[in-house]
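Take a look at the structure below.
The values are calculated or read from the model by the stated rules, or taken from the named source; none is laboratory data. Keep in mind it's a predicted model, so treat the numbers as computed, not measured. Note that we place each Cβ from the backbone using ideal geometry, even for glycine, and neighbour counts take in every protein chain shown. Areas reflect the complete protein model, heavy atoms only, side chains present, ligands, DNA and RNA absent. Shrake-Rupley method; radii C 1.70, N 1.55, O 1.52, S 1.80 Å.
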Amino acid sequence: MSEDAAPPTGPDLRAGVPLEDLKEGEPFFGHVEDSPVFLVRKGKDVRAFDAACTHYGAPLEDGLSTEDTIRCPWHHACFSLEDGSVLGAPAFNPLTAWDVQVEEGTVRVGEPLEADPLESRGSPKNEPESVVIVGAGAAGSSAAETLRREGYRGPVSLVDPDPDAPYDRPNLSKDYLAGEAPEEWIPLRSREFFQEHDIQRIASRVEEIRTDTQVVILEGGRTLPYGALLLATGAVPRTLPVPGMDAPHVHTLRSLGDCRAILDGLEEARRAVVIGASFIGMEVAASLRNQEVDVTVVAPEDVPFEAVLGSDLGTFIQSLHEEEGVDFRLGTTVNEIREKAVLLDDDSEVPADLVVVGVGVKPLVPLAEEAGLELDDGVVVDGELRTSDPRIWAAGDVAHFPEARLGRRVRIEHWVVAQRQGRTAARNMLGHQEPFTDVPFFWTKHYGTPVAYLGHSTDWDEARTEGTCAEGGCAVSFLKDGRRQALATVFRDRESLTAEVEMEREKEGQEERG
Ligand SMILES: Cc1cc2nc3c(=O)[nH]c(=O)nc-3n(C[C@H](O)[C@H](O)[C@H](O)COP(=O)(O)OP(=O)(O)OC[C@H]3O[C@@H](n4cnc5c(N)ncnc54)[C@H](O)[C@@H]3O)c2cc1C
Ligand code: FES
């Protein structure tokens, strides 16, 4: 799928450009007909790649190029300038390479070259007899693809009872719920794609993991042996212990099925209450306004997102919602959900034909618990994402991992983190022994205003804002004892990418100092 990106600019690369205009290793942007394309020169060798990100189509010209990589401005996907391959999620397809001719000092670009997105580019140091991946969400699907891309030839089973998985979960609360994205944008891969790459996609629930005999038991009793296993079961929405939570007009949102149920409910609903001013709750509020439903957000905090984004950015996002007609009942909680209203703790009632509860998630750990794995707010893993059982790795929302810069274990519920952990876990199954050190990143979007958040900070003591969120964008640094732990930006994509590179180097410096 793609979002709106500006038409391509720069020189016509089919007509040709002088070789001497290209600086060593520095992307040179132009176009071929309507396609944005860039060139990279290494000595006399020149390569050409698509200049639109393969995730949602962002212009890579607005991104950041460092050494042999180029990073996307919107959600920080990272591509190799050597061969266009994906080095960092959320993109999963490489940049298409184009045919290039250099003659008499002129560089001309021909046609795009066909390539298999999972073309094997690695060589395993170790090959487990078989791999079973439990959960086909962000982490699981990324792990399955990485195994094939890294040259693993053994059997790979990707097990998940959700018939639609894997799909673009972040989009469920955004364009898809807003009625702006057709359903064909939502799947990440087709059944045929998995067949072509010999990934067995099994639509079933894993009921049990037997670590002594190294098998998993599926619904109905079928067994699957594993040499290595990835636990990527994600998280489930929390519910509220109030009367009415189970009523048919009350929804949580995690799966495509949940989203379809909300969309069905919209056929009759004119007034909705969103309980919880979480990222999902607020994105749902924006999408329901887009569907012309009256929306009231009920939440206990005084400013949405204040604990995560600080009061300046929280107040700004609240103002975006108020401008679009969202009513807020902050500092209140819900006592009961009735058929046509929600009863608050101050005894007032808010009319509601439809209720969406977005009050956070909890990691899905019963399988791990029964298997005897070490738990602590999720499944405990080491720096290489291995659990207390040496043949089992865990990644994504379920994993409690040592965060490289904080120096302590955290559990992070971000799409990009889950995908990147899936990749690291898969590489480590193949013997690479790499620690997971990527800087956490997430994005959220409210009425066309995106917020990018980098790093991780739950105990900051200062939120320092530069710029004005409402005019030209802003950057908020979250500091602890004077050190920046995280950065949130609005319309300052380059700054966010530059900070990402700095945070990565900070970690490398820590490692060198030992
Ligand atoms: C509506 C919504 C919007 C979001 N928006 C953003 C965003 O904008 N940015 C961002 O960074 N993050 C966002 N997130 C969070 C992000 O989607 C999660 O962090 C990410 O999906 C976690 O990936 P995961 O692989 O750990 O889990 P999931 O993607 O949840 O996948 C887990 C899978 O495991 C399966 N499973 C569970 N139990 C079993 C079992 N016993 N056997 C087999 N399979 C099982 C489930 O069916 C599920 O498909 C959003 C989440 C939601 C719900
Ligand atoms: S558009 Fe490039 S990472 Fe999303």
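Of all residues in region 54-70 being open to solvent by 10 Å² or more (accessible area, probe 1.4 Å) and within 16 Å of ligand 1 (Cβ to nearest atom), which is nearest to A115 (Cα to Cα)? Here the residue is H55.
For the subset of region 220-261 comprising residues that are on the phi > 0 side of the Ramachandran plot and assigned to a helix (DSSP H, G or I), which member is nearest to ligand 2 (Cβ to nearest atom)? Don't jump to the end; show me each part of the working.
Quick first cut of region 220-261, residues on the phi > 0 side of the Ramachandran plot only: 220-221, 234, 244.
Next, from what is left, pick out any that are assigned to a helix (DSSP H, G or I): 220-221.
Numbers: G220: 39, G221: 41 Å.
Ranking the candidates gives G220 first.
A Cβ distance below 7 Å, combined with a sequence gap of six or more or placement on separate chains, defines the contacts here; from region 455-478, residues that are within 22 Å of E403 (Cβ to Cβ) reach residues that are open to solvent by 10 Å² or more (accessible area, probe 1.4 Å) and aromatic (F, W, Y) in the pairs F478/W460. A search for C-beta distances below 8 Å between a residue of region 57-77 that is at positive phi and any residue that is within 10 Å of ligand 2 (Cβ to nearest atom) and in a helix (DSSP H, G or I), counting only pairs 6+ apart in sequence or on different chains, returns H76/V416.
For region 42-110, which strands (runs of 3 or more DSSP E) that fit wholly inside it have 2 or more residues that are within 15 Å of ligand 2 (Cβ to nearest atom) and within 22 Å of P166 (Cβ to Cβ)? Step through it out loud before you land on a result.
Numbers: elements: 45-50, 64-66, 69-71, 78-80, 86-88, 97-103.
By residue number, 78-80, 86-88.
Picking from residues in region 405-435 that are open to solvent by less than 10 Å² (accessible area, probe 1.4 Å) and in a loop (DSSP other than H, G, I, E, B), the one that is farthest from S142 (Cα to Cα) is I412.
Looking only at region 306-327, residues that are open to solvent by 10 Å² or more (accessible area, probe 1.4 Å) and either closer than 21 Å to R484 by Cβ or in the same structural domain as Q485 (by TED's automatic domain parsing) (or both) come to 6 in all.
Against the test of being in contact (Cβ under 8 Å) with a residue 60 or more places away in the chain and in a loop (DSSP other than H, G, I, E, B), the options E208, E268, E292, E283 yield a single qualifying residue, E268. For region 175-187, filtered to residues that are modelled with pLDDT under 95 and hydrophobic (A, V, I, L, M, F, W, C), the residue that is least open to solvent (accessible area, probe 1.4 Å) is A181. For region 188-202, the set of residues classified as open to solvent by 70 Å² or more (accessible area, probe 1.4 Å) and under 23 Å from the mean Cα position of the chain (by Cα) consists of R191 only. Would you point out the residue of region 436-454, among those that are part of a loop (DSSP other than H, G, I, E, B) and touching a residue at least 24 places away in the same chain (Cβ under 8 Å), that is most open to solvent (accessible area, probe 1.4 Å)? Here the answer is Y447.
Regarding E33, is this residue farther than 15 Å from S85 by Cα and either more than 16 Å from ligand 2 (Cβ to nearest atom) or at pLDDT below 95 (or both)? The answer is yes for E33. Considering only region 26-44, I want to know if a residue exists there that is free of Cβ contacts under 8 Å to residues at least 24 places away in the same chain, open to solvent by less than 40 Å² (accessible area, probe 1.4 Å) and either within 16 Å of ligand 1 (Cβ to nearest atom) or within 24 Å of the chain's Cα centre (by Cα) (or both). There is no residue in region 26-44 that is free of Cβ contacts under 8 Å to residues at least 24 places away in the same chain, open to solvent by less than 40 Å² (accessible area, probe 1.4 Å) and either within 16 Å of ligand 1 (Cβ to nearest atom) or within 24 Å of the chain's Cα centre (by Cα) (or both).
Results for (1) at pLDDT 95 or above; (2) under 28 Å from V284 (Cβ atoms), shown as yes or no for each residue.
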{"position": "V410", "(1), (2)": "yes, yes"}
{"position": "E413", "(1), (2)": "yes, yes"}
{"position": "G422", "(1), (2)": "yes, yes"}
{"position": "A426", "(1), (2)": "yes, no"}
{"position": "E434", "(1), (2)": "yes, no"}
{"position": "V451", "(1), (2)": "yes, yes"}
{"position": "T458", "(1), (2)": "no, yes"}
{"position": "R464", "(1), (2)": "yes, no"}
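Of the listed requirements (1) under 18 Å from L253 (Cα atoms); (2) within 19 Å of the chain's Cα centre (by Cα); (3) open to solvent by 10 Å² or more (accessible area, probe 1.4 Å); (4) near ligand 1 (Cβ under 9 Å from one of its atoms), P161 misses just one: (2).
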